[in-house]
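Here's the structure, in structure tokens; my notes come after.
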Amino acid sequence: MLVSVYRYNPETDDAPYMQDIHIDIPGGKDIMVLDLLQLLKDKDTSLGYRRSCREGVCGSDGMNMNGKNGLACVTALSQVVVDDKLVLRPLPGLPVIRDLVVDMSQFYKQYEKIKPFLINDTPAPPMERLQSPEEREELDGLYECILCACCTTACPSFWWNPDKFVGPSGLLQAYRFLADSRDTATRERLAELDDPFSVFRCHGIMNCVSVCPKGLNPTKAIGKIRNMLIQQAT
Amino acid sequence: MVTSITSFGRSGLYDWMVQRVTAVVLLAYTIFMIGYLLFNSDMDYMQWKSLFECTSMRIFSLLALLSMAAHAWIGLWSVSTDYIKPTGIRFVVQSGCGLLTFIYVVWGIQILWGV
């Protein structure tokens with residue numbers, strides 16, 4: 001098969017370019033894209049990409065495969081290869097450090113903005129703050145986010161305003177703390193989000209939902225934040 | 001929180017709500033106009049004139065005109081903040097949109113009350 005990989009080494013290249021590599025898959029197996037990258041790296045050791053857990057838990061190997069963001073380690077070739085060709089690019093919308101490795105600073109800045117930790121100004125109980133099973137259920141579909149940035153970098157609103165729009169991942173996390181029964185900073189959290197950019201730049205195109213490797217729904221969480229803002233303001 | 005001095009109502013929620021309410025008004029006006037034209041296919045100038053001389057129609061038309069102005073401003077402001085990155089050019093474009101919207105509103109009122 002033919003693999004076209006985005007290559008850029010700022011120390012030696014004037015501009016990024018696509019490198020075409022023909023490769024035979026051993027035994028014709030349906031391997032994961034990450035395994036394919038290892039085969040490519042065996043051929044050309046200068047190829048750079050991130051990876052760690054290789055089982056969809058760490059979120060390191062987010063990349064754009066034939067136009068769709070996803071985790072290379074949990075994406076089989078059969079899911080993405082078209083006409084025996086695969087185009088691999090770094091996550092869109094973030095500065096490239098080298099080859100498939102992007103600078104995630106802007107993504108983490110937005111995550112930091114939403115204060116991703118429990119805020120509770122009531123006296124701490126002797127053991128721990130308890131939740132009922134129903135209250136705990138509210139966090140399902142939210143806490144599973146691994147911050148791989150596949151959703152946020154698939155969002156045009158983030159491409160145009162990465163410094164102002166929190167992005168689907170950050171907003172999913174924002175709702176994770178708004179929905180937490182143990183958090184007492186709901187009003188302050190909502191006040192931080194009520195501007196024309198942070199939440200409202202989402203136009204609901206649902207790219208985030210279509211690419212999330214964990215099957216989460218940031219658009220739904222954004223809708224719930226919006227409903228909380230409406231309820232508080234009317 | 002991201003501060004913004006050029007958006008319609010400063011608050012994201014306010015702009016979002018205004019855009020949805022104005023969209024409903026514009027939809028209602030559009031449906032009314034299409035319905036009126038369909039049910040009065042043999043309409044002459046005098047009937048058209050008397051429709052717009054009616055106070056309730058003037059209120060409805062003015063409401064639609066103001067809704068269009070607010071809706072267009074919020075929409076164009078969003079588009080300009082997405083695609084025009086140099087602050088100076090963006091401000092000039094936004095000012096142009098604001099001026100044009102104001103002209104359309106004044107002109108629209110003049111037409112409505114000039115019937």
(request) Please verify whether the range B:61-81 includes one or more residues that are more than 14 Å from chain A (Cβ to nearest Cβ), surrounded by fewer than 13 Cβ atoms within 10 Å (Cβ to Cβ) and not hydroxyl-bearing (Ser, Thr, Tyr). (result) no
(request) Determine, yes or no, whether A:Lys41 is over 27 Å from the mean Cα position of the chain (by Cα), over 22 Å from A:Met104 (Cα atoms), exposed (fewer than 15 other Cβ atoms within 10 Å of the Cβ) and of a type in the set (Lys, Arg). (result) no
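Go through the range B:22-58 and give me each residue that's without any contact (Cβ under 8 Å) to a residue 40 or more places away in the chain and under 14 Å from the mean Cα position of the chain (by Cα).
B:Val24, B:Leu27, B:Ala28, B:Tyr29, B:Thr30
With a cut-off of at least 2 residues that are modelled with pLDDT of 95 or more and more than 27 Å from A:Cys212 (Cα to Cα), name the strands (runs of 3 or more DSSP E) lying wholly within the range A:1-73. Reasoning before the result, please.
On the way: elements: A:2-7, A:17-22, A:62-65, A:68-71.
In the range A:1-73, A:17-22 are the strands (runs of 3 or more DSSP E) which contain 2 or more residues that are modelled with pLDDT of 95 or more and more than 27 Å from A:Cys212 (Cα to Cα).
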(request) Hey, could you check the range A:96-134 for residues that are buried (at least 18 other Cβ atoms within 10 Å of the Cβ) and part of a loop (DSSP other than H, G, I, E, B) and say which is nearest to the chain's Cα centre (by Cα)? (result) A:Met104
(message) Please pick out the residue among A:Ala185, A:Ala179, A:Ala174, A:Ala154 that is more than 13 Å from chain B (Cβ to nearest Cβ), small (Gly, Ala, Ser) and under 22 Å from A:Gly59 (Cα atoms).
(response) A:Ala154
(message) Being free of Cβ contacts under 8 Å to residues at least 40 places away in the same chain and farther than 25 Å from B:Met1 by Cα is the requirement here; does A:Pro90 meet it?
(response) no
(request) Hand me the list of helices (runs of 4 or more DSSP H) wholly inside the range A:135-234 holding 2 or more residues that are farther than 21 Å from B:Ile74 by Cα. (result) A:167-178, A:186-193, A:207-211, A:218-233
(message) Take the residues in the range B:82-115 that are small (Gly, Ala, Ser) and exposed (fewer than 12 other Cβ atoms within 10 Å of the Cβ); name whichever of them is modelled with the lowest pLDDT.
(response) B:Gly114
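Listed here are the residues, each with its yes/no results for (1) hydrophobic (A, V, I, L, M, F, W, C); (2) farther than 30 Å from A:Asp194 by Cβ; (3) in contact with an Asp or Glu (Cβ under 9 Å, 6 or more places away or on another chain).
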{"residue": "A:Arg54", "(1), (2), (3)": "no, yes, yes"}
{"residue": "A:Met65", "(1), (2), (3)": "yes, yes, no"}
{"residue": "A:Val101", "(1), (2), (3)": "yes, yes, no"}
{"residue": "A:Tyr111", "(1), (2), (3)": "no, no, no"}
{"residue": "A:Glu128", "(1), (2), (3)": "no, yes, no"}
{"residue": "A:Ser132", "(1), (2), (3)": "no, no, no"}
(request) Residues being within 10 Å of chain A (Cβ to nearest Cβ), surrounded by fewer than 18 Cβ atoms within 10 Å (Cβ to Cβ) and either touching a Pro at 6+ places or on another chain (Cβ under 7 Å) or of a type in the set (Lys, Arg) (or both): count how many of those fall in the range B:5-27. (result) 1
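The values are calculated or read from the model by the stated rules, or taken from the named source; none is laboratory data. These numbers come from a predicted model, not from an experiment. Every residue, glycine among them, receives a Cβ derived from its backbone with ideal geometry; neighbour counts consider all protein chains shown.
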